[in-house]
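Following: one structure in structure tokens, then a few remarks.
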Amino acid sequence: MATPVRPRYHTVTWLVLALLMVLLLLIPYVAQQVAFAIARGQELARAQVARKVLAGLPASGNRYAWVAKIIEPSVVGIQTTIQVASPLGEDLFFGPEIQAKAQGSGVIVDPSGYILTNAHVLGQAAEGGVTVQLSDGRTIQQVTIVGVDPATDLAVLKIAAGNLSAAKWGDSAALQVGDRVLAVGSPYGLRETVTAGIISAKNRTLSIEHVRYQDFLQTDAAVNPGNSGGPLVNMNAEVVGINTAIFGHAYQGISFAIPSDLAKKVYDLLRTSGISRGWIGVAVQPLTKVLAEKFGLKDTRGALVSQVAPGSPADKAGLKPGDVVVAWNKQPITSPDDLRIAAASTQPGTKAEIGFYRDGKQQELTITVAARPSKVTQ
């Protein structure tokens, strides 16, 4: 007797059902990716149109809206998670530590995924505790901390994501007091917030713990907690600063940004070779009117040498306490911070020409810059 043939439609039915289940699982993901792509396409289209419009506007025209559209795709939100001591002490359920979240901003400066932000935005967060929110809605959790430099309050992140729009660098040295600027970021978590102001002053110094090299731009553009790390841009939509500080706990009409010229140098170092700062071994202080008169000088521009470390490059070159440094490689030194930044920015092992006053007479000497020792305060 022949064996009956079993129908195969049951197998086909199960295959169809399995395929439907897979499709049901994939549809939300695909829909989300399509939504991201649409949002990204709309942003880039707006930015492209804005660039054309902006190029045709006179410098005195209303450029704010177009500048905002250009920079928007490059600005990111940053959320960090760190372990902090529990306010309850040794808690039965949570232990001695709890997780705390903080928010800040950043700006994409390379389409391959490099982001510049403030060091204090990251705090003590380790890799895995940093999340980046892109302007098109994507949330990136695979974030690499490339480098952190507390001395300038800058940090570089790297994300693995495609279709990124990088901001263009601007020249902070070309800024003048009164130039218009926009600050962009996520104050209090309110993403893509744009505020406008002017450059109020340049070369400001503040009392900020750990931040040794200061040359801040001052602006009246509103900056609040969460703005830190976001870009300050000029009217060509170029990054001229990284927003970093305010007076008090909330905006009071005064905010500060790290100038782009310094930020780009630190970014390049953090991304490539790492930070290796130059050092000459002097302690310096501002030159007051009384001291200027005492040293026979006409004004207070310069950095007064108060101490010289024995055996340091400055000691070997012949610099002495009481000397007033006024130039570094022919560039003017108008304050102690100018000298600190000039020395720190010079590659260790290279020579620098220093112009200074001693006993009222202008002199010059050549100094060989050394690498900054890890345990020095000068």
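Annotations for the structure displayed:
- Angle between the chain longest axis and helix 260-271 axis [Cα atoms, degrees, rounded to 10]: 60 degrees
- Treating r as the C-beta distance of Q42 and K361 and R0 as 51 Å, the FRET efficiency rounds to 0.20.
- GNM top mover of S335, S74, S172 - the chain, alpha-carbon springs below 10 Å: S335
- Over region 217-300, all Cα pairs binned in 10 Å intervals from 0 give whole-percent P(r) values of 15, 27, 26, 26, 5, listed from short to long.
- When +1 charges are put on Lys and Arg Cβ atoms and -1 charges on Asp and Glu Cβ atoms, the dipole computed for region 278-371 relative to its Cα centre reaches about 80 debye.
- Over 32 Å (Cα to Cα) - which of K52/K101; K202/K294; K52/K158 fall in this group: K52/K101
- When exposed loop sites are taken as trypsin sites (Lys or Arg not before Pro) in a DSSP loop with at most 10 other Cβ atoms within 10 Å, the longest stretch of the chain clear of them is 9-297.
- Once the Cα gyration tensor of the chain is diagonalised, semi-axes √(5λ) in Å: 52, 26, 20
- By the Kirkwood approach, averaging reciprocal distances over each pair of separate Cα atoms, region 278-371 gets a hydrodynamic radius of 12.8 Å.
- Net lengthening on full extension, E127/Q32 (0.36 nm per residue, minus Cα-Cα): 31.6 nm
- Between the listed residues I140, W14, S255, the Cα displaced farthest toward the positive end of the dipole of the chain, a dipole computed from Cβ unit charges relative to the Cα centre, is found at W14.
- For L287, nonlocal amide neighbours, meaning residues 5 or more places apart or on other chains whose placed amide H falls under 5 Å from its own, are L304.
- Extension gain for V12-N329 works out to 106.0 nm (0.36 nm per residue, less the C-alpha to C-alpha distance).
- Formal net charge of residues neighbouring Q33 (Cβ-Cβ distance under 15 Å; K, R +1; D, E -1): +1
- Value of Rg/Rh across region 175-271 [Cα atoms, Kirkwood radius]: 0.94
- Only helical runs count toward this figure. For the chain, summing -39,500 (n - 2.57) over DSSP H runs of n ≥ 4 and dividing by all residues gives -7500 deg cm²/dmol at 222 nm.
- Unit charges at the beta carbon, dipole of the chain: most positive-side option, P332, A309, L206: P332
- Annotation: the residues F247, F216, sorted from fewest to most other C-beta atoms within 10 Å of their own C-beta, follow the order F247, F216.
- Charge tally around A45: other residues with Cβ under 13 Å, Lys/Arg +1 each, Asp/Glu -1 each, net +2.
- Each label was represented as a point 7 Å from its Cα along the Cα-to-Cβ direction; for L24 and I275 these points are 5.4 nm apart.
Every number here is computed from the coordinates shown, using simple stated rules; none is lab data. All values derive from a computational prediction rather than experimental measurement. Positions of Cβ are backbone-derived with ideal geometry, glycine not excepted, and every protein chain shown enters the neighbour counts.
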